[in-house]
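Novice: Take this structure first; my questions come after.
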Amino acid sequence: MKKIVLSLALVSASFTFAQKKEIQNASKAIEKNDIAAAKAEISKAEGLLNDQLYLLEPSVLEEYYYAKGVLLIKEGKTREGAALLGKITDLKTIYTGKNSDKKKVYFAGKEAAEKSGIQGLKVENYTPKTTEKVNSFVNPLLKSASDEAYKAYQAKNYNKAAEKYEEVYNLLKAVGNEDKTYLYYAGINYGAAGKNNEAIDIYNSLINSGYTGVTTQYLATDVKTGQVQSFDKNSFELIKKSGSNEYKDLKTQSTPSVELELYEANIRLLVDAARYDEALVLIEKGLKKFPNNQRLSELQGIAYYRSGKTAEFIQTLKNQVAKNPNDKESWYNLGFLQSQDNATLADAEKSFKKALEIDGNYVLALQGLAYAVHLKDDEKTLEQIRTFQKAKKINEMNKLMEKRRETFKKALPYLEKWHSIEPKNVEVVSTLKGIYMNLDNMDKYNQFKKLEDSLKK
């Protein structure tokens, strides 16, 4: 048994050594600008690794990120290459331990460690060795990438803009100047390009990192021109200390937070992608930070409704109108959901009327009272009348017809109000025409028949 264990250990050691050797060879090939050799060595290493990068020691993993990152950029795959170079800075905090196979593992950063599910990992610090090489390679690329990102955005080529802004973010990160504003720009542009999954991933990353977008601006007015100029912190402090007469009105101001915007945008994308459970988790998190935000509550209701969680949606709406009794949209939505169950039809009527109290011209509430409350079962009633007619049950038929007419009378004021607001709406004109005919009001019927014909031309 001991010999077997020893044999396995030797195999494992040689396996790791092979990977290390090939990655080092790739790094050397990159330094010589031998792209073909670097590509071949990396390919060999990846074949052995089988995506198990966490088995590599930090120094070897760093060499891998550097070699492959530079290789990808030289091959024109700049976004992918920049992402790998950016990962080098993550190596500063390493979580180590052993997996279920008793192999030593190394995870860069807390997020990767938590995803692994391995318990009892220890934190170690690591100092990257490729910093100078990375800086020398990356710095000349930054301005070009930034210019391309902005030009693509200006040209409304949002997908390219997103990829370039993501590239800029990772290049800056690689040289130790991480600025998540560029990642934020990437998310916006991915969303504009319809790349919703990419936008969601970025927004999730920004939210989880606590990004707010708040920055401090350092401003002063040029005395000669009267123009307000922006400075970096050091320059601003120098002007301040020097007592220069060239500038006046020195001040600092903070840019607005985009944190709420991130929550709202990401939740909308998740709902549109039918990822309702994720959306609801994020909404709960957002409401803890912004407890009185109406838009988050509305999005919560939409997520509940689209995911079929009607009871939760109704409760959300009740909470919403309790906080804000003048929220006509929530009163309408509550009425609509209540109208789906005959047991709560009276509650629906009250909710629609609450919405009308807030806005007497609120068409949706008028439609709700007419269609969802009073005319809700009209098709069923009509079918019953036809059944009685076929069976020659004249008394039953007449009673039901009279009941139907009474229902029409209840719906009529709301439809007439709707028509006064939207006089050219064919739907309400046609509905009123039919009701007037059933109520034997032929003057009104002829009037609306004529109007209907003119609108349909």
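Novice: Anything in region 249-269 that is within 14 Å of Y218 (Cβ to Cβ) and not in a loop (DSSP other than H, G, I, E, B)? List them, or say none.
Specialist: D249, L250, K251, T252, Q253, S254
Novice: Being hydrophobic (A, V, I, L, M, F, W, C), under 28 Å from the mean Cα position of the chain (by Cα) and outside the structural domain of N159 (by TED's automatic domain parsing) is the requirement here; does A82 meet it? Walk me through how you get there before you give the answer.
Specialist: On the way: hydrophobic (A, V, I, L, M, F, W, C): yes; under 28 Å from the mean Cα position of the chain (by Cα): yes; outside the structural domain of N159 (by TED's automatic domain parsing): yes.
Taking the combined requirement at face value, the residue satisfies it.
Novice: Separate question: So in region 80-107, with the set limited to residues that are part of a helix (DSSP H, G or I) and in contact with a strand residue (DSSP E or B) (Cβ under 6 Å, 6 or more places away or on another chain), which one is surrounded by the fewest Cβ atoms within 10 Å (Cβ to Cβ)?
Specialist: It comes out as D90.
Novice: Related question: Search region 1-44 for residues being closer than 14 Å to V60 by Cβ, of a type in the set (K, R) and more than 41 Å from the chain's Cα centre (by Cα), and hand back the single one that is modelled with the lowest pLDDT.
Specialist: K21
Novice: Still on this structure, please answer the following. List the number of the failed condition for K77; all other conditions in (1) closer than 28 Å to S144 by Cα; (2) crowded, with 19+ Cβ neighbours inside 10 Å hold.
Specialist: In the conditions (1) closer than 28 Å to S144 by Cα; (2) crowded, with 19+ Cβ neighbours inside 10 Å, K77 misses (2) alone.
Novice: Then there is this: What number of residues in region 75-99 are under 19 Å from S59 (Cα atoms) and basic (K, R)?
Specialist: So the answer is 3.
Novice: If you check F352, F336, F313, F388, which single one turns out to be assigned by TED's automatic domain parsing to the domain that holds I421 and part of a helix (DSSP H, G or I)?
Specialist: Testing whether each residue is assigned by TED's automatic domain parsing to the domain that holds I421 and part of a helix (DSSP H, G or I) leaves just F388.
Novice: Is at least one residue of region 408-423 in contact (Cβ under 8 Å) with a residue 12 or more places away in the chain and outside any helix (DSSP H, G or I)?
Specialist: yes
Novice: Additional query: Which of (1) closer than 30 Å to I202 by Cα; (2) at pLDDT below 90 is the odd one out, the single condition Q340 does not satisfy?
Specialist: (1)
Novice: Show me the helices (runs of 4 or more DSSP H) found entirely inside region 110-228 where at least 2 residues are closer than 18 Å to L84 by Cβ and in contact with a Gly (Cβ under 9 Å, 6 or more places away or on another chain).
Specialist: Filter on region 110-228 gives 131-154, 158-174, 196-209.
Novice: Could you tell me which of the residues K449, K380 is surrounded by fewer than 14 Cβ atoms within 10 Å (Cβ to Cβ), assigned to a helix (DSSP H, G or I) and among the basic types (K, R)?
Specialist: Checking each option against the conditions leaves just K380.
Let's see how each residue does on (1) among the basic types (K, R); (2) more than 27 Å from K417 (Cβ to Cβ):
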{"position": "L262", "(1), (2)": "no, yes"}
{"position": "G286", "(1), (2)": "no, yes"}
{"position": "I314", "(1), (2)": "no, no"}
{"position": "D327", "(1), (2)": "no, no"}
{"position": "N342", "(1), (2)": "no, no"}
{"position": "A346", "(1), (2)": "no, no"}
{"position": "K350", "(1), (2)": "yes, no"}
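Novice: Among the candidates K156, K164, K133, K110, which residue alone is surrounded by 19 or more Cβ atoms within 10 Å (Cβ to Cβ) and either in contact with a helix residue (DSSP H, G or I) (Cβ under 9 Å, 6 or more places away or on another chain) or closer than 22 Å to Y54 by Cβ (or both)?
Specialist: Selected residue: K164, the only one of K156, K164, K133, K110 that is surrounded by 19 or more Cβ atoms within 10 Å (Cβ to Cβ) and either in contact with a helix residue (DSSP H, G or I) (Cβ under 9 Å, 6 or more places away or on another chain) or closer than 22 Å to Y54 by Cβ (or both).
The values are calculated or read from the model by the stated rules, or taken from the named source; none is laboratory data. Predicted model only: the values in this text are computed from it and were never measured. Quick reminder, even Gly has a Cβ in these numbers, built from the backbone with ideal geometry, and neighbours come from all protein chains shown.
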